[in-house]
Structure formats: structure tokens, C-alpha cells
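Everything below concerns the one structure shown next.
The values are calculated or read from the model by the stated rules, or taken from the named source; none is laboratory data. On a predicted model such as this, the values are computed, not experimentally measured, just so you know. Quick reminder, even Gly has a Cβ in these numbers, built from the backbone with ideal geometry, and neighbours come from all protein chains shown.
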Amino acid sequence: MLKKPVAAAILAALSIGVVANVYADTTPTANPSTSTAVNIAAAPQDTTQQSTSTDQSTSGTQDQKAKRLDTVVVSGSLINNAQIQTATPTYTITAADIQARGFNSVTDVLQSSVFATGSVQGPQESGGFTQGAQTISLYGLNPEYTLTLIDGKPITQFGQLYNGQSNFTNISNIPISMVDHIDIIPGGGSSIYGSQAIAGVVNIVTKQHMDGVEVLVRAGGYDGGGGASQRIAISFGHDYGKLNVLGSFEFDNQSPMWAYQRDFTATTPHDEPVATIPDYGNINEYTGAIQGYISPPNGCGPMSGLFNGTTNETTSSVAGRYGTYCGSQHVLGYTTMLNQSRSYDGMLKLRYDLNDHVRLYSDVLMDVQTQKFTPGSDFIWWGPIDQNNYPSGLIEDAKTGDILDPERIFAPEEVGNNYYNELTRQFDLMYQADVGANGTFGDSNWNWDAYFLRSGDRTSVSAPERLASAVDGYFNSILGPSLGMDPNTGLNMYNPNYAKFFTPLTPAQIASFTVPVEENSNTWVNNARATISNDSLFHLPGGDAGFAALIEGGSEAWYEPANPLVEAGDIWGQTATSGGGTRNHAATAFQLNLPVFKPLTFDISGRYDRYSLPQGGETNGKFTFKAGVEYRPFDTLLLRGNYATSFLAPDMSALYLGPSGNYQSVTDYYLCQVQNGGKNCASDFSEEVEGTLYSNKDLKPTTAKSWTGGFVWAPLNNMSFSVDYLHIAITNEIAPQPADLLMRQDSQCLLGQLPANSQICQTVVGPNGNDGQVQRNAVTGQVSTISQYYINISNEVTDSITSELKYQFSPTPVGTFGLQFDYNDMLKHSYQIYPGSLPINQLTNPLYSSEFKSIVSGALNWSLHDKYASTLYWHRYGSSPNYTGMVDGPNFPGAGSVAPWITFNYSFTYTPIPGLDLSLLVNNLTNKMPPRDPSYTAFPFFNTENYNVYGREIMGQIDYRFGGSK
């Protein structure tokens, strides 16, 4: 039995709702002397556990020798001993929990974590930069601040950029059936893992050992249609003498879900334009606002069959606008909310015991995924946007002098194949492979492990886009030849054929000016690592001291070239930025665990990382450390805390991204001071300015400090309760130079408040007074362009508190019940754009963030006679800002928040014979849609970065395990 009641209580609580799987064993047996009171979760470089069903002729001595080759690395630690637990909390969800709670993917698991309070883009983000990838935001921080590992080893980042700016890890292509458990380690972890471990570390631990065969089949669908899914997974493992083999294959298929398949998003309150010609009036009437519309000469009869027969002639919902246009309430419904997806995944693990002291191993994990999706009909349109042919994006009617802006949305009947012809196709290949060896130095307590790893991601996206010359040529035939430019408006004049404009196109006509435009990205990581460890270095009054050290080196790359057609401006409405490069990396680290007394243990770790660019630029070196303490004043209480420093090496995109154009609103403080005495600058001297963003190879690492403090209390043998406080302070965040700061510096230089020969003025204004980063029109004095660079400038702070309660009821005649609650509350999240600016409260200012302040989840488990088991899982997102607040700010009339979002998942499993599980799973049991937001009047009427409209999902599953040693 366990000597410490606290350990026994917590280990008992961890067993709630978990059905043992004798065919896949990755968790090492607790040593009788274990005194830890926290959740120990193995995350090995090689965690192979010998089968519990060994051949009867195998001697105990041989077993002991074999087990010496089995390394166990605790997540967040380098020391290969499951008895050693650092003072950093580790939160674990097992494969049994994943299945019982109805999670369909690694994305579901991680985004359902109470730590994932941040809003993130994904498949519902119509027109987003990464509609074919998914990620998480811990504590509302940028996804790049979370390090994701597989079996404690690095995986490469996704090739496309999150929000068009930063690198991140795509978690949507990691096969769920191969996962044994997932560890989340909050806070700084750079002293063990290096760069990116600021918000936390996610360690996805795959199955390590198996004896027998497991076949899993799952199928299901949603109440509202769309999103039907199927999964087949086959795993096999066996010991062939000295050789152990574990293989797994998974196939996943998912149908798309369209917005028109949900009442919440199927229609708009008013008719959206299909064919419309807004009229701004003539030069004497022009105010910049639409005055009315040029009505279809023959009505909308010719177009009435579009959008499933719902297109009609309609008037504007804005009072006072004259005329009509052709529109439909179903225009925006042709948007995918869930991608069509098909994945083929494979995993192979080989272990060969060369002798009693050396084991050779190799691991390969590969995912091939194809997806199809579309941002919707709102993105598939034509208008006069070519500034060369249509100055200001407008035309002028030569007969009336009216200024017009014709726009045409292409309907599914015109595109063909019910809009499937317009689906973007994404192909993604992700892999992680290693070869290595581990063992012991003779019969000593010294262990070693060495491996070489390669991880890569190749993504190809092919989107049907419109050739600018062809699509403009077609509509030019409707507008007619240009009759010259009106000197009063600067616009080209036409005699449009309005009747032809309000005529449907054929699929053949659409196809004539549509071409597949392919974009490719490629990333990879090479990493070689050697580790030595000793979990009994010397003896202390509290137990044996542990020590580990490592050295590693490697390189990484990111390439995302632009499509030549887009780069040349041949694709209508598209621009592109390319980039790419490599860098080298080396590191060394150590860890020391010191149980100085039985109740008191210290844990110290440190690491030095060095990054260099072969193409020149800044060479960065960073040392990070962590110091933790565990104190047990009595057997049922553990007090723990740590202090850590961490860092993020500059993004590859920030180092290598090519010039990127943009438009942004700025305040001209100089003209405001000169022309208005510095009054009402923001309201009277704001303007849209063209800008260009440049990379910067001289960037420094982003740095952070964090500390945690908390306790684990086990007042009863079947109950545990933990509370932890986490503070993270990030400095030197990499961000584009703030335009507002540049405008303030420009004003100070021009007004003589800063010396003209100062470094700031030489850079911002330029040596000649108008050749710096801020350039002005020589005639009007207004700002014409701004050049910005990525720099180290911003700061960010978060404070949070996390608690967890686990209770296992005493067995009853009707079964065994268990209960678990997890809670996270964000106490603070502030962001300072640049030093001297006022920190922005991310929790109360929705202009900058719509993250959740709190998340709580709970699970009630029941089992009876190893034949029946069920789980009711409950998840509550706290309130988030409403649409008015996100658009107009927290002080605008009508700004507020939407109600909390609560969903339930339910699963029931019947085991008629040992090894066969039959399961029914229902996700979103009550078919809950996103909370209603009356102010969200724009499609899709909810915050796609916080909620989804998938609704109730019902799945059936068969899991059959057979073979193996008996």
C-alpha cells in the first residue's frame, strides 16, 4: 500500500470514471515510497512499459533488467523517475476521459480545457488566414506562447501564419485514437523545454506499449444535418523476443457543414445583394453615402432562380434610399462552418533490446489530411476595384453623371455543383520521426538517452479565384467602352447595359474567368538531443536527490512563397506576401531535485538556448531557470510554488516575412497642433493611410517571468482539492511598430521637440525631412505612407486562479460514482502596446479582446460491474462581450456582454464481453446554440472565435480488443 494517505487519496480520485485498458499500458506503477500529492503523468522520450502478462518462463531477474531500459519522464521534468514531481502543477486528461466526454479530436480536448480562455480563429472564420487549421490560446495569450509537444518531443509549426502575422502549431492534424493522455503544464517551462513555453506546455503522449489488437469504429452526425463523421482505427502491438512493435492506423472522414443548415445562420433579416448598383448621386450630391440604387430595368425575374429560387427585387432597409436591387436572405448561407475533411494517420513504434543495458528505438507518426471549405458567397463577387481601370473603385454614368458602384455576387446556380465548385482545397502532410537509443551505464543509477528527430509540415492550398483581366473583361462588356474621364470627378464614364448586368451567368461563363490558385508552405525542424540522468545521485534526509542534464542542437525552417499570378496582380482582389528562411539552434540544460527533508523538496532547473541565422542578423542567446518548492506540513496537505523565467525566440515570420501592405487609421498630431492648437486630434485629424510592414532580423527574444503558488489538500481518502495561482509577466513582445507611436514621434520631430539629428528623427522623419518611415504629401502636408518594422516593444500581464475538485463516492449496490470539477478564472489580463502608453484591460475592453474571463467544467461518472459506464460532462463558458462592445468599445451605448454558454455531453458504454465496448455518445445534449446577441446584426450573428453552431451530435462506437498474452 502507499505510505502517504495524500498520495493514496489523489491516486484514487484520479481513477474516477477510468476503465482500465490492459491492452495499452503507458503509466508506470507507483513506487511504494511515492509521497507525491499531485497528478503524476508520464511523458517519456521512451516510456515503454513491459507487458503485465509476461511469459511464465521469463525470470524475474530478466524482467528487472528489461525494465531498467524503460525510461519515464515526468511532464515538465528531465529526471527519469515517476517518484519525482516538480512543484509545477500538471493537469492530465486520459484517453478514457477523452472518450467518455465525447471529444472527437485533440482540438476538442484542448479547446475544452479551462485554461483555453482566449478567442481563436478556426474553420468558422470565413475568409480568415488559416481556415484549414486550429489552435488554442491559453490565458488569452497569443497561440505562439504555447509549446506543443508529442511524447515530449518538438513538432514543427504550421506553414501559414496565424492572423497573417505569427507562426503557430496546428493541432487539428494529430490523430486522437493514438493518444494515451494529454498533459497541460501551466506557466513558464523554458528551463526544461526552451523557446515558446511561456503560457504553458501541452504534451500529447501517445500509446507506448500494447499486446494484442484493438479495432475502433465510430460514426455519427448532427441533428441539423452536415458534419457527418466516420472513424476507423486499428492498433496492434506485440513483443517478438527482444523486439517490441506497436503500430496504429486511423482513418477519419467528415462532411462539410454549411451555414444554411442551421436556422441560426441560414438567413439574414434583410435581403443581401445579389446584383446591386449603389448610386451616390452626381458630383453636386455626393457625400460619400449611398443615396439609392439603379433599379433593374426588367425587374429581377431573370435572376429569380438564384439562391435556390429566393432572389427577388427588394428595397433597402435603410430609410430614404431610392430604387431597388436584386437580393436574397439566403446569400450568406453558402458558407462552410465545418470543413469537409479526410485524414489518414499512421504510427509505428519499434523497440529493440540490444542487451541488458542498451535499447534501440524508432518512432514515426504521420498524418495526411485533405480539407475543403469556402469563406462563402460574400467573398465570391465582382466590383470595380481595379484602380487603373476604375479610379476610386467607382464609375460614372455618362448620361446622368451619377457616381455608381456596381457589385455582383455569384450564386450557387451560376458557380455550379451547388457551390462545391467554389470550395478551397487544402492538402496537409505532417510527420514526426525519430531514431535513438537509451539505456544505463552498466549497473549504475545513471541513465542515458540520445536521439535524432525530424518533424515537418507541407501544406498546399488550391482556391478557385478570378483572373482579373478575364472577369473585368466580362463586366467591361456590360459597362461598355470608357467614354473618357470626367475632370470634375476623376472617374471614367460609361453607358452601362443595366439589363445585362441583372442577368444570371452560366457555370461555363464563371469557369471561363476562374483558375485554381495554389499556395504552398513548408516547415521543418531537425533536432538532435542527448540526456543523462540519475534519480539517486546522493541521499538526503528526505530521500534520494535526482539530477539530469542535456545537450541538443538542430535547425528549423519556414517557407511560404507567393503564387506568381497573385504576386503579379493577375488575380482579382488578391495580394500576397512571401517569405522564408532557416535558423540554427543549440541548447544545454540541467535539473536538480533535492528532497532536503521528508516534508520539504526543492527543484531547480536551468537552460541556455542560442539561435543564429545563417543569412546574417542577430544571434540570440537566452538563459532561463525555474526554482520550485514542495512542502508537506502534514500527510494530507501539499503546499507548492515556483518561480520561472521563459522566452520566445523571434517568429520565423518576423525574421523573414516579405514587405506586407496594409491600410490603417492614424491620428496626425503634427497637423492637429499646427492647424488646431492640439485640440480634438483624434476626432478631427484622423485619416486612412497606406502602410508597409517589414521583417527585422535583429529582433531579440520575447521574455517572461512567472510564478505559481497553491496547494493540494486531501481531507478524505477519496477526495482531493487543489487551488493554484499563476502570474505571467511578458516583456519585449514582438509586434509591428505602433503607428500611433510613429505619428507622435513624427510630430515631436517636426515641431522641434526632439533634435532633428537624433536617432528617432533620423529614422522617423528621415535625414532630408521627408524620407523616413513617415512620409507626407509635399502639397497638402498630409501623411501619404507609413513604413513599420517588427520590433520588441509590447508588454503583457496575466493573473489567474485554477482549482480542481475530485471526489469518488463509496461503492453502492447500484454502482460507483465519481465527480470532478475544474475551474479557471482570469483575474487580470493587461496589454501595453508600447512603453509609456496606458495598459489595456483585455478583460473589460472588447475592442482588443473578446476572451472569456472564466471557464468551469464538471464530469459525473458512473460504472457498474465492469459492464456499464456512463459520463455526464458539463462545460460552462463565462460571459463574453457583445457585438456592439467589440465594434464600438465598452462605453458605447448598448455595449455589454452575452450570457454564459453551457453545454452537456453524455456517453454510455456497455461491455457485453471482456474486450468489447459498445458506446453511445451525445455531444451538446440540449442542442445549445450560441448565446443570442441582439446587437450582432451582421452575419453570422455570433462570435465565431468563441462559439459554434454545430448543435447536437449523436455517435455510435464499437471498440473491440483481442489477442495478446493471457
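Condition first: under 27 Å from the mean Cα position of the chain (by Cα) and surrounded by fewer than 21 Cβ atoms within 10 Å (Cβ to Cβ). Now tell me which residues in segment 464-477 satisfy that.
P464
Give the residues of segment 821-850 that are within 21 Å of S112 (Cα to Cα), out of contact with any Asp or Glu (no Cβ under 9 Å at 6 or more places or on another chain) and in a loop (DSSP other than H, G, I, E, B), sorted by residue number.
S849
Among the residues that make up segment 183-192, is at least one of them in contact with a strand residue (DSSP E or B) (Cβ under 7 Å, 6 or more places away or on another chain), surrounded by fewer than 24 Cβ atoms within 10 Å (Cβ to Cβ) and among the hydrophobic types (A, V, I, L, M, F, W, C)?
No, the conditions are met nowhere in segment 183-192.
Report whether or not A197 is touching a Gly at 6+ places or on another chain (Cβ under 6 Å) and touching a residue at least 12 places away in the same chain (Cβ under 8 Å).
yes
What residue, of G439, G401, is assigned by TED's automatic domain parsing to the domain that holds A233, of a type outside the set (V, I, T) and touching a residue at least 40 places away in the same chain (Cβ under 8 Å)? Before you say what the answer is, go through the steps one by one.
Numbers: G401 fails: assigned by TED's automatic domain parsing to the domain that holds A233.
So the residue among G439, G401 that is assigned by TED's automatic domain parsing to the domain that holds A233, of a type outside the set (V, I, T) and touching a residue at least 40 places away in the same chain (Cβ under 8 Å) is G439.
Which members of segment 478-492 meet the condition of being touching a Pro at 6+ places or on another chain (Cβ under 7 Å) and surrounded by fewer than 17 Cβ atoms within 10 Å (Cβ to Cβ)?
Of everything in segment 478-492, those that are touching a Pro at 6+ places or on another chain (Cβ under 7 Å) and surrounded by fewer than 17 Cβ atoms within 10 Å (Cβ to Cβ) turn out to be G480, G490.
What number of residues within segment 663-692 are farther than 17 Å from L741 by Cα and of a type in the set (S, T, N, Q)?
Narrowing segment 663-692 to residues farther than 17 Å from L741 by Cα: 674-677, 679-680, 683-684.
Restricting the remaining residues to those that are of a type in the set (S, T, N, Q) gives 675-676, 680, 683.
Residues that pass the stated criteria total 4.
Of all residues in segment 266-296 being buried (at least 19 other Cβ atoms within 10 Å of the Cβ) and hydrophobic (A, V, I, L, M, F, W, C), which is farthest from H330 (Cα to Cα)?
That would be I294.
Which one is nearest to G333 (Cα to Cα), of the residues in segment 410-439 that are crowded, with 19+ Cβ neighbours inside 10 Å and β-branched (V, I, T)?
Of everything passing the filter in segment 410-439, V415 is nearest to G333 (Cα to Cα).
List every residue pair whose Cβ atoms sit under 7 Å apart, with the two residues 6 or more apart in sequence or on different chains, where the first one lies in segment 475-489 and is assigned to a loop (DSSP other than H, G, I, E, B) and the second, anywhere, is charged (D, E, K, R).
Note: pairs meeting the criteria are D486/E396; T489/E396.
Here are some residues: A756, A778. Which one is under 28 Å from N662 (Cα atoms), without any contact (Cβ under 8 Å) to a residue 60 or more places away in the chain and part of a loop (DSSP other than H, G, I, E, B)? Quick ask: steps written out before the conclusion?
Numbers: A756 fails: under 28 Å from N662 (Cα atoms).
Only one candidate qualifies: A778.
All but one of (1) within 17 Å of N520 (Cα to Cα); (2) touching a strand residue (DSSP E or B) at 6+ places or on another chain (Cβ under 6 Å) hold for L161, so report the exception by its number.
Single failed check for L161: (2).
Under the condition of being within 18 Å of F441 (Cβ to Cβ) and among the acidic types (D, E), which residue from segment 522-575 is surrounded by the fewest Cβ atoms within 10 Å (Cβ to Cβ)?
D544
Anything in segment 390-422 that is closer than 19 Å to S512 by Cβ and touching a strand residue (DSSP E or B) at 6+ places or on another chain (Cβ under 9 Å)? List them, or say none.
Within segment 390-422, R408, I409, F410, A411, V415, Y419, Y420, N421, E422 meet the criteria.
What is the number of the single condition among (1) under 30 Å from the mean Cα position of the chain (by Cα); (2) surrounded by fewer than 19 Cβ atoms within 10 Å (Cβ to Cβ) that G299 does not meet?
Every condition holds for G299 apart from (1).
Among the candidates G836, G885, single out the residue that is crowded, with 21+ Cβ neighbours inside 10 Å and assigned by TED's automatic domain parsing to the domain that holds T909.
The unique qualifying residue is G885.
Would you mind listing the strands (runs of 3 or more DSSP E) fully within segment 133-231 where at least 1 residues are on the phi < 0 side of the Ramachandran plot and within 16 Å of the chain's Cα centre (by Cα)?
146-150, 179-186, 200-206
I'd like to verify a number: residues in segment 504-553 that are closer than 30 Å to W381 by Cα and in contact with a Ser or Thr (Cβ under 8 Å, 6 or more places away or on another chain), how many?
Going residue by residue through segment 504-553, those that are closer than 30 Å to W381 by Cα are 504-521.
Next cut, in contact with a Ser or Thr (Cβ under 8 Å, 6 or more places away or on another chain) only: 516-521.
Selection size over segment 504-553: 6.
Restricting the search to segment 649-675, which residues are charged (D, E, K, R) and farther than 17 Å from N167 by Cα?
Result: D668, single match.
Checking T265 against (1) outside any loop (DSSP other than H, G, I, E, B); (2) in the same structural domain as G102 (by TED's automatic domain parsing); (3) touching a Gly at 6+ places or on another chain (Cβ under 8 Å), which test does it fail?
For T265, the failing item is (2).
Using the structure shown, decide if V364 is within 21 Å of T503 (Cα to Cα) and of a type in the set (A, V, I, L, M, F, W, C).
Spelling it out, it is not the case that V364 is within 21 Å of T503 (Cα to Cα) and of a type in the set (A, V, I, L, M, F, W, C).
For segment 306-321, check the following and say yes or no: at least one residue is without any contact (Cβ under 8 Å) to a residue 24 or more places away in the chain, touching a Cys at 6+ places or on another chain (Cβ under 6 Å) and at negative phi.
So far as segment 306-321 goes, yes, one or more of its residues are without any contact (Cβ under 8 Å) to a residue 24 or more places away in the chain, touching a Cys at 6+ places or on another chain (Cβ under 6 Å) and at negative phi.
Take residues that are in contact with an Asp or Glu (Cβ under 7 Å, 6 or more places away or on another chain) and tell me which of the helices (runs of 4 or more DSSP H) falling wholly in segment 652-702 contain 2 or more.
Working: elements: 652-656, 669-676, 681-684.
Where helices (runs of 4 or more DSSP H) fall fully within segment 652-702 and carry at least 2 residues being in contact with an Asp or Glu (Cβ under 7 Å, 6 or more places away or on another chain), they are 669-676.
Answer yes or no: is there a residue in segment 705-724 that is among the acidic types (D, E) and at pLDDT 95 or above. Walk me through how you get there before you give the answer.
To start, the set of residues in segment 705-724 that are among the acidic types (D, E) comprises 724.
Next cut, at pLDDT 95 or above only: 724.
Checking segment 705-724: at least one residue is among the acidic types (D, E) and at pLDDT 95 or above.
Restricting to segment 911-966, and then to whatever is of a type in the set (D, E, K, R) and more than 16 Å from G225 (Cα to Cα), can you tell me which residue is nearest to the chain's Cα centre (by Cα)?
Here the answer is E945.
What residue, of S536, S521, S555, is in a loop (DSSP other than H, G, I, E, B) and small (G, A, S)? Working first, answer last.
Values: S521 fails: in a loop (DSSP other than H, G, I, E, B); S555 fails: in a loop (DSSP other than H, G, I, E, B).
Every option except S536 fails the conditions.
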